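Heads up, the thing below is written out as structure tokens.
FYI, it's all coordinate maths here, none of it is from the lab. Source: prediction; values computed, not measured. Quick reminder, even Gly has a Cβ in these numbers, built from the backbone with ideal geometry, and neighbours come from all protein chains shown.
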Amino acid sequence: MDKDRILIVEDEPDTLFILSKLLQKNNYDVSAAKNGKVALEMLETFKPLVVLADWTMPELDGLELCRRMKSSDDYKLIYYIILTARSSVNDRIKGLDVGADDFLIKPTDNQELLARIRSGVRINKLQNELKNIEHSKALIEMACTLGHKMNNPLSSLIFSFSHIEEEVRKSKRQDLDEDLLVVNESIARIRSLIEDLLKLKDPRLTDYSNDSKMLKLD
């Protein structure tokens, strides 16, 4: 079973070492960055459920890192905990305004830290489950809409084709038999596709090309 991933962003080596060892001991997959700039680079390959970041750091502090992450569709669901010695109401408001999910005041209690991490992991997973449910719901709604929209012109096509087929039979144009067969088979495939779209319950995507996917119907 994969371990839950945590990213620690801390410029003080001793604090970073202690936090890393504590979380690793509690079965987390931990990575560390010495400031917000390095953290943003790491996020391209390391996808954590929780970020634990110090407020005051060189180059890019924890507040600005939080603002950038919460402004990104790729990172905004990552649970963000600010670690700081600041405890005033105004400081908390600043953190909340940029999107921080939680605060821990230094020096931290290990059990409280672990409890906040567990809470962040649960919330992140629930948010992603909801996102997947909403995505599936949107795909089902799209499939039903397409199915109904395609069904009406297909009915007209079938009616017109039946009339054309009857006229061809009357004229005894045997040279058109193969063309009629191709059209008939195409209509059957379209009808089958519409049926698959309308009964879609568990939408799944499959690779279509290097940078795109398609809805799997079979």
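General remarks:
- Over all directions, the projected convex hull of the C-alpha atoms in the range 86-161 averages 7.7 nm² in area.
- Highest-first arrangement of 140-151, 41-52, 159-170, where packing means the average Cβ count within 10 Å: 41-52, 140-151, 159-170
- Note on the chain: GNM, Cα springs under 10 Å; of Asp101, Asp14, Asp177, the largest mean-square fluctuation is that of Asp177.
- Computed [θ] at 222 nm, deg cm²/dmol, the chain (DSSP H ≥ 4; -39,500 (n - 2.57); rounded to nearest 500): -19500 deg cm²/dmol
- Likely footprinting exposure, Thr206, Thr56, fewest C-beta neighbours within 10 Å first: Thr206, Thr56
- Charged side chains reduced to their Cβ positions (Lys and Arg at +1, Asp and Glu at -1) give the range 5-108 a dipole of some 220 debye around its Cα centre.
- Within the listed set Ser119, Ser71, Ser156, the residue fluctuating most in the Gaussian network model of the chain (springs between alpha-carbon atoms under 10 angstrom) is Ser156.
- Taking the charge dipole of the chain about its Cα centre, with +1 at Lys and Arg Cβ atoms and -1 at Asp and Glu Cβ atoms, the residue from Ser192, Leu52, Ala85 reaching farthest to the positive side is Ala85.
- Hydrodynamic radius of the chain by the Kirkwood approach over all distinct alpha-carbon pairs: 21.7 Å.
- Within the listed set Ala115, Ala39, Ala53, the Gaussian network model of the chain (springs between alpha-carbon atoms below 10 Å) gives the highest mean-square fluctuation for Ala115.
- Cα centre as origin, Lys/Arg/Asp/Glu Cβ charges: the chain dipole, Debye: 560
- Using the Cβ of Ala85 as centre and a radius below 12 Å, the other residues enclosed give a net charge of -1, where K and R count +1 and D and E count -1.
- Fewest neighbouring Cβ atoms within 10 Å first, the residues Lys106, Lys70 line up as Lys106, Lys70.
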